[in-house]
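The values are calculated or read from the model by the stated rules, or taken from the named source; none is laboratory data. Quick caveat, the model's predicted, so the values are computed rather than measured. Note that we place each Cβ from the backbone using ideal geometry, even for glycine, and neighbour counts take in every protein chain shown. Note: areas computed on protein heavy atoms with side chains; ligands, DNA, RNA excluded. Shrake-Rupley method; radii C 1.70, N 1.55, O 1.52, S 1.80 Å.
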Amino acid sequence: MYYCRMSLLPVLPSQEQPHQELVLVGFRLDGEHDGPEFYTLLSVGGENERPITASGRLLFFTHPELAAKTLALDAELAKLAPPPMEVETFCDLAEALHLVNSQSVDSDAVVLDCLLILDDLVRATRLHMPDRYQGLLTELTARLTEGKQLEDIFTSHFLREHVEDALLWCIGAIAAKSRMISE
């Protein structure tokens, strides 16, 4: 009879780990500026999906060429180096605010893209979003994900103003808990 001790058997992984990678995200705040004004990196695809941080602060940088220098400040995510140099996601905050404020259609899903990015960033700040804002943005994200248009979601200007306030709260929370790398 043939016996093999359990400790000699190979250990097979129970399931494959998802591929984790870095994504370069561009941001625009000034509606008169062409293209991204600043950037960050997000870790996606793994168990630790989050933006780059250091000392409890979100890290942003002014030029894609600063991605490697900025990434080096986050020891855990630096293991995913090298960072991408091409923008994969663009969070056009200026356009999103304009659309929420006054438009009926968002054919390019600008608002949804920004909501998804802002969610990751606000979570990383570890600040508590007021419940009324959290509820509004969660509901808006759900409706946009379902393919609803802004004119179907915003039944009053009052609702638009509250969503705009919630977005501005997010931008302020992120700004208060961030560091900009410019050199």
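Normalised by the number of residues in the chain, the mean separation of alpha-carbon contacts (under 8 Å, six or more apart) gives a relative contact order of 23 percent.
For ASP74, ASP152, give me the order by solvent-accessible area with a 1.4 Å probe, most accessible first, ignoring ligands, DNA and RNA.
Values: ASP74 5, ASP152 95 Å².
Listed by decreasing accessible area, they come as ASP152, ASP74.
Using just its DSSP H runs of length 4 or more, each adding -39500 (n - 2.57), the chain gives a mean residue ellipticity at 222 nm of -12000 deg cm²/dmol after division by all residues.
Over region 33-151, with every protein chain in place, what whole percent of the accessible area is carbon and sulfur at 1.4 Å, could you tell me?
Details: 3080 of 6230 Å².
Reported share for carbon and sulfur atoms: 49 percent.
With both labels modelled 7 Å from their Cα along Cα-to-Cβ, the LEU127 to GLU86 distance reads 3.4 nm.
Note on exposure: HIS162, HIS157 ranked by accessible area (1.4 Å probe, complete protein assembly) read HIS157, HIS162, with the most exposed listed first. Placing +1 on the Cβ of every Lys and Arg and -1 on the Cβ of every Asp and Glu, with no other charges, gives the chain a dipole of roughly 1000 debye about its Cα centre.
Applying the criteria of a DSSP loop state and at most 11 other Cβ atoms within 10 Å to the GluC sites (Glu not before Pro) of region 81-115 yields GLU86.
Using every pair of separate Cα atoms, the Kirkwood estimate puts the hydrodynamic radius of region 53-183 at 16.0 angstrom. Solvent-accessible surface of the chain, taken per residue with a 1.4 Å probe and all protein chains present: 60 Å².
Shown here for region 26-117: trypsin sites (Lys or Arg not before Pro) in loop regions (DSSP other than H, G, I, E, B) with at most 15 other Cβ atoms within 10 Å, namely LYS79.
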